Each structure stands twice: as structure tokens, then as C-alpha cells.
Amino acid sequence: MVEMKRPGVWIMGDLADDDRHHGMGIVVEYAGFKGKAQWVAPPPYRWNYATFAKPGAIAEPPDETLEMMFAKDNAAEEGFNRWTINGMSYPMSNQPMPASFHLKQGKRYRIRMRNASDDIHPIHLHRHSFELTKLAGMPTSGILKDVVMLGGYQEAEIDFIADNPGLTLFHCHQQLHMDFGFMTLFDYV
């Protein structure tokens, strides 16, 4: 959310100077104002999902826990990093792949995720919303998400109900990570 209350000519963009200078920003020019666009860095801020948790609530126990370790093989794929989930890299081919995880309709699943890389991963589970139940060792409850950011060398746990049968894609939302193996499939049995 951006509050527009400072007339002038401003740059709204990425906090990283290098990224902003390479196009990750836009000039906002108020009506009647001209001149060189100004960048004003925002004050330091640390995002915390727990801000949105239900105070004192405890997540329901899962019926089953799925363990996932995310890792990077540096420059392993024609000079690009190859990404793995539990040691397996999803191949980019035209061949259908079997599901790696098998779900039962109506069960509550917990995915315990460990990021063994220094990269940040926006983790997404298709066709389901999930509850963030633990982040960096801190239990949470009541935070419903479709994507969660998993920091470098961080751990998190998410819970979801298997209530939408069919093949379900689980992946990192960074396209380059996904293109080089960071995805897997769930199915219902």
C-alpha cells in the first residue's frame, strides 16, 4: 500500500540501489510538478508474519508431517544453479512426472520446510491455502496464506487440508528457481 501525500516528483521502486538503477522502479509525478525525480529511502522496517497471528491460538496438530529440504547445486545445470527438494530436481521436459507426495482427502498436512541455501524463496502451493504454523522456530496460528517467504537458512512449517483432489504443484515462485528444478507434485490417493 502506498499513501500518496507528498506532492513532487519521486521514484517508487526496489530498495536495492543496483536493482532500482536497472529498472526496478517508476517515476511518480504529481500534477503540476516538474523536475528531477527524487529517491528517498524509507525508514528501516523488519517484516514479521506474526503480526497477523491470532494471539494465544495454537495450530491444530496435523494428521501427517511432510519433510522438505530445499538445496542449491551451484552452477550444476549449464552454468545455472539447480534446485532440489529432498535431493530431487524437477526436470524441465515434456514428459509427465509422477507425484512425489501422496495425500489423502480430508487430512490435515504439515509441511516442515528447511532452506539449506542463502536464497529467499517465495513458496507457493497451488489449489490450496495454508496456515503458517511455525516460522524460524516460533509457533504461530491463524495466518492464512497462498505464498510465504522463506529466508536463507530459515525453517518454516505450513498446514493445509487436503480438500481439492487432483495434481497439485508446489514450487518456489521465483521463475528461475522453478525453471531449474524447484518444484514438485502432490496427488491424492
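Some values worked out for this structure:
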| read-out | value |
| --- | --- |
| Unmet requirement for MET1, which otherwise passes all of (1) open to solvent by 90 Å² or more (accessible area, probe 1.4 Å); (2) more than 21 Å from the chain's Cα centre (by Cα) | (2) |
| Yes/no for LEU135 being closer than 14 Å to PHE186 by Cα and open to solvent by less than 70 Å² (accessible area, probe 1.4 Å) | no |
| In the range 166-179, the residues that are loosely packed, with under 13 Cβ neighbours inside 10 Å and either among the acidic types (Asp, Glu) or in contact (Cβ under 8 Å) with a residue 60 or more places away in the chain (or both) | LEU176 |
| Odd one out for ASP187 among (1) surrounded by 13 or more Cβ atoms within 10 Å (Cβ to Cβ); (2) in contact with a strand residue (DSSP E or B) (Cβ under 8 Å, 6 or more places away or on another chain); (3) part of a loop (DSSP other than H, G, I, E, B) | (3) |
| Single unsatisfied condition, GLY56 versus (1) open to solvent by 100 Å² or more (accessible area, probe 1.4 Å); (2) closer than 21 Å to LEU135 by Cβ; (3) more than 24 Å from the chain's Cα centre (by Cα) | (1) |
| Options ILE11, ILE58; residue that is among the β-branched types (Val, Ile, Thr) and either in a strand (DSSP E or B) or at pLDDT 95 or above (or both) | ILE11 |
| Filter pass, ASP18 being out of contact with any Leu (no Cβ under 9 Å at 6 or more places or on another chain), surrounded by 12 or more Cβ atoms within 10 Å (Cβ to Cβ) and not basic (Lys, Arg) | no |
| Selection count where residues are open to solvent by 50 Å² or more (accessible area, probe 1.4 Å) and assigned to a strand (DSSP E or B), scope the range 21-53 | 4 |
| Answer residue from the range 82-96, given it is over 27 Å from PRO62 (Cα atoms) and among the hydrophobic types (A, V, I, L, M, F, W, C) and is modelled with the highest pLDDT among those | TRP83 |
| Selection count, the range 144-164, where residues are more than 14 Å from the chain's Cα centre (by Cα) and open to solvent by less than 60 Å² (accessible area, probe 1.4 Å) | 4 |
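Each row is one residue, and each column tells you yes or no for (1) open to solvent by less than 30 Å² (accessible area, probe 1.4 Å); (2) in contact (Cβ under 8 Å) with a residue 40 or more places away in the chain; (3) not hydrophobic (A, V, I, L, M, F, W, C).
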{"position": "ASP73", "(1), (2), (3)": "no, no, yes"}
{"position": "TRP83", "(1), (2), (3)": "yes, yes, no"}
{"position": "MET88", "(1), (2), (3)": "no, yes, no"}
{"position": "PRO91", "(1), (2), (3)": "no, yes, yes"}
{"position": "ASN94", "(1), (2), (3)": "no, no, yes"}
{"position": "ALA99", "(1), (2), (3)": "yes, yes, no"}
{"position": "GLY106", "(1), (2), (3)": "no, yes, yes"}
{"position": "TYR109", "(1), (2), (3)": "yes, yes, yes"}
{"position": "HIS126", "(1), (2), (3)": "no, yes, yes"}
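The values are calculated or read from the model by the stated rules, or taken from the named source; none is laboratory data. From a predicted model like this one, the values you see are computed outputs, not experimental measurements. Backbone-built Cβ (ideal geometry, glycine too); neighbour counts: all protein chains shown. Remember, those area values only see protein heavy atoms, side chains included, never the ligands or the DNA or RNA. Shrake-Rupley method; radii C 1.70, N 1.55, O 1.52, S 1.80 Å.
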